[in-house]
1. Which of the residues that make up the stretch A:19-58 are away from chain B (no Cβ under 11 Å), under 26 Å from B:Ala38 (Cα atoms) and assigned to a loop (DSSP other than H, G, I, E, B)?
2. Output the residue which, of all residues in the stretch A:59-70 that are open to solvent by 60 Å² or more (accessible area, probe 1.4 Å) and within 28 Å of A:Lys109 (Cα to Cα), is nearest to the other protein chains (Cβ to nearest Cβ).
3. For the stretch B:79-105, give me each residue that is touching a Lys or Arg at 6+ places or on another chain (Cβ under 6 Å) and either at the interface with another protein chain (Cβ under 10 Å from one of its Cβ atoms) or buried (at least 21 other Cβ atoms within 10 Å of the Cβ) (or both).
4. Hey, among the residues in the stretch A:94-110 that are open to solvent by 50 Å² or more (accessible area, probe 1.4 Å) and more than 14 Å from chain B (Cβ to nearest Cβ), which one's farthest from A:Gln37 (Cα to Cα)?
5. Going by the conditions given, is A:Phe73 open to solvent by less than 60 Å² (accessible area, probe 1.4 Å), in contact with a Gly (Cβ under 8 Å, 6 or more places away or on another chain), assigned to a strand (DSSP E or B) and of a type outside the set (D, E, K, R)?
6. Do we have any residue at all in the stretch A:2-15 that's modelled with pLDDT under 95, in contact with a Lys or Arg (Cβ under 6 Å, 6 or more places away or on another chain), part of a strand (DSSP E or B) and facing another protein chain (nearest Cβ under 9 Å)?
7. With the stretch B:28-73 as the region, which strands (runs of 3 or more DSSP E) entirely inside it contain at least 2 residues that are open to solvent by 30 Å² or more (accessible area, probe 1.4 Å) and modelled with pLDDT under 95?
8. Please give the number of the condition B:Glu1 fails out of (1) at pLDDT 95 or above; (2) more than 22 Å from A:Phe30 (Cα to Cα).
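The values are calculated or read from the model by the stated rules, or taken from the named source; none is laboratory data. The structure displayed is predicted, hence computed values, not measured ones. FYI the Cβ positions are ideal-geometry reconstructions off the backbone, even for glycines, and counts take in every protein chain you see. Just the protein is used for accessible areas: all its heavy atoms, side chains included, with ligands, DNA and RNA removed. Shrake-Rupley method; radii C 1.70, N 1.55, O 1.52, S 1.80 Å.
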Amino acid sequence: QQQVKQSPQSLIVQKGGISIINCAYENTAFDYFPWYQQFPGKGPALLIAIRPDVSEKKEGRFTISFNKSAKQFSLHIMDSQPGDSATYFCARNAGNMLTFGGGTRLMVKP
Amino acid sequence: ETGVTQSPTHLIKTRGQQVTLRCSSQSGHNTVSWYQQALGQGPQFIFQYYREEENGRGNFPPRFSGLQFPNYSSELNVNALELDDSALYLCASSWGGRGNEQYFGPGTRLTVT
């Protein structure tokens, strides 16, 4: 049973545009929600994370928005650049394990 | 770079063989988690080691086993390899056993033929 549902599966954005990736979770027990960026052949790199007592967190061009009542959270990438082209994973941390969404393959066109 | 290292980078094994993968955690971290990532999918949690003890396990059979050493480095052992074990194996380093950010290494690409 998939506990974190991620959409869309793929996304094409023009350079300078906003990339938006959404995730929904099912269970209520959690510690925090991280986002990872993964390039082909590499391990996932922690991008940004949010804890449930915060509704929004911004780091540079990356912003997480968290809607606790709707059990949803999203990643916004502002001023998207070709170097942002990668696969993005949302995850839920509850206790000692990360449960990942299915991933979103982002392509930013120059 | 996270400071988490894994070896080897790539490995090719035959079905039925055994394999050992290694991970060195980031300085200051005492917890190592292992994940399996099949092509085109998100990582799946295998198990976690905290202070040299298994601290949680995902839905993987007993032929997946591990160790953590006093210096917090870790090994993942897989016996009786199956074709479906072909994947990228990732270790993640963190502090405290639960609830803290996990930082991934580059992974070991295992191919079972």
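1. Answer for the stretch A:19-58, where residues must be away from chain B (no Cβ under 11 Å), under 26 Å from B:Ala38 (Cα atoms) and assigned to a loop (DSSP other than H, G, I, E, B): A:Glu26, A:Asn27.
2. Filtering the stretch A:59-70 for residues open to solvent by 60 Å² or more (accessible area, probe 1.4 Å) gives A:59-61, A:67-69.
Still in the running and within 28 Å of A:Lys109 (Cα to Cα): A:59-61.
Working: A:Glu59: 13, A:Gly60: 17, A:Arg61: 20 Å.
Once the filter is applied, the top-ranked residue is A:Glu59.
3. B:Leu88
4. Taking the stretch A:94-110 first, the residues open to solvent by 50 Å² or more (accessible area, probe 1.4 Å) are A:97, A:105, A:107, A:109-110.
If we keep only those that are more than 14 Å from chain B (Cβ to nearest Cβ) too, we end up with A:107, A:109-110.
On the way: A:Met107: 13, A:Lys109: 18, A:Pro110: 20 Å.
It comes out as A:Pro110.
5. On the way: open to solvent by less than 60 Å² (accessible area, probe 1.4 Å): yes; in contact with a Gly (Cβ under 8 Å, 6 or more places away or on another chain): no; assigned to a strand (DSSP E or B): yes; of a type outside the set (D, E, K, R): yes.
Here the answer is no, as A:Phe73 does not meet what is asked.
6. Checked the stretch A:2-15: at least one residue is modelled with pLDDT under 95, in contact with a Lys or Arg (Cβ under 6 Å, 6 or more places away or on another chain), part of a strand (DSSP E or B) and facing another protein chain (nearest Cβ under 9 Å).
7. Values: elements: B:31-37, B:44-50, B:53-57, B:64-68.
It comes to B:53-57.
8. Failing condition for B:Glu1: (1).
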